[in-house]
Amino acid sequence: MKKHQEHIVCIKSETVKNREHGFVEYELNSADLMLGQRASLEKDDTFRQLLPISVFTHKGKVWAYERTNKGGENRLHNKIAVAVGGHWDLDDLVIKGSIINLHESLKQTMQRELKEEVNLTSNIIKTMELEKKICADDTEVDRHHIAVVYVHELDGEGVNSSEEQLKTVGFVSPTELLSGKYNIEAWARIICEILTKVKNNNFL
């Protein structure tokens, strides 16, 4: 069975023109959703592929991992990341009366990706969706994606990668990840910068 279906959900890049510091003020709505072939979208700057992604926190620290050279996206090899998730597949769409249920579709995509990518032994005690969407232009990969970010506060540090291409680093403070000691990817930098602005990360 394919991990990703050939057709995935995307939006027109022109929908999110007003980007700043890797984020964009944009409220996702069903009217903007489109379907496209993943292979074509990876090379087309006129579209942004939609990715619901998850970040795990515990007592002010964020779970991090390294993308090894076993992963399919060689442009991200050996980079430190803090979010897991992936493409919004056609099969993830929840449709009722010929209308896409946006909330349920995003939820279904997020839950599927969590089952595929991580092994959670701690409990999620609270989830928050960041108001802004990640919409960076740092790399070619960034320019083809936009992410809805969910931050999950755990009651412990029980989270590990369930995929061999993701090597667990562990829970690290956002400040330390931004210190220059780690080879972090653009999205990790953006997320950590947001988390450092929160006075008390425990509330997430």
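The values are calculated or read from the model by the stated rules, or taken from the named source; none is laboratory data. Just so we're clear, the structure is a prediction, and the values are computed from it rather than from any experiment. Note: ideal-geometry Cβ built from the backbone for every residue, glycine included; neighbour counts use all protein chains shown. Surface accessibility is based on the protein's heavy atoms, side chains included, excluding ligands, DNA and RNA. Shrake-Rupley method; radii C 1.70, N 1.55, O 1.52, S 1.80 Å.
Ranked highest first by average number of other Cβ atoms within 10 Å, how do 44-57, 120-133 line up? Show your work: numbers first, answer last.
Values: 44-57: 21.0, 120-133: 14.3.
My ranking of the peptides, most packed first, is 44-57, 120-133.
If every alpha-carbon in the stretch 128-176 counts as one equal scatterer, what log10 I(q)/I(0) does Debye give at q = 0.17, 0.19 1/Å?
-0.85, -1.01
For the chain, what is Rg from Cα atoms divided by 2.2 N^0.38 Å, rounded to two decimals? Numbers along the way, then the final one.
Details: Rg = 16.2 Å, N = 204, 2.2 N^0.38 = 16.6 Å.
Compared with the compact-globule rule of thumb, the chain sits at 0.98.
Thr168's amide H: which non-local residues (gap 5+, or another chain) put their own amide H closer than 5 Å, with H modeled 1.01 Å from N in plane and none for Pro or chain starts?
Placed amide hydrogens put Glu66, Ser161 under 5 Å from Thr168.
Leaving out ligands, DNA and RNA, what percent of the accessible area of the stretch 14-120 is carbon and sulfur, probe 1.4 Å?
Result for the stretch 14-120: 46 percent of the exposed heavy-atom area is carbon or sulfur.
Highest mean first, how do 137-147, 79-89 rank when packing is the count of other Cβ atoms within 10 Å averaged over residues? Please report the intermediate quantities before stating the final value.
On the way: 137-147: 16.6, 79-89: 21.9.
Most protected by this proxy first, the peptides run 79-89, 137-147.
Express the accessible area of the stretch 1-147 per residue in Å², computed with a 1.4 Å probe while the remaining protein chains stay in the model. Write out the running numbers ahead of the final one.
Values: 7860 Å² over 147 residues.
Computed with neighbouring chains in place, this is 54 Å² per residue.
I need the phi-derived Karplus couplings for the stretch 131-136: 6.51 cos²θ - 1.76 cosθ + 1.60, θ = phi - 60°, integer Hz, Gly and Pro marked x.
5, 8, 9, 6, 8, 8
Calculate the translational D of the stretch 98-204 in whole µm² s⁻¹ from Stokes-Einstein, where the hydrodynamic radius comes from the Kirkwood formula applied to all Cα pairs, the temperature is 4 °C and the viscosity 1.567 mPa s.
On the way: Rh = 15.7 Å.
D, rounded to a whole number, is 83 µm²/s.
Report, by chain and number, residues whose modeled amide H sits under 5 Å from the one on Tyr26, excluding near sequence neighbours (fewer than 5 apart, same chain).
Lys133
What list of ³J(HN,Hα) couplings, whole Hz, do you get for the stretch 33-49 from phi and the Karplus terms 6.51, -1.76, 1.60, once you set θ to phi - 60° and write x for glycine and proline?
The phi angles translate into 6, 9, 10, x, 6, 4, 4, 6, 5, 5, 10, 10, 6, 7, 10, 10, 6 Hz.
Taking the Cα centroid of the stretch 122-189 and of the stretch 16-58, what is the distance between the two, rounded to the nearest whole Å?
Here the two parts' Cα centres lie 16 Å apart.
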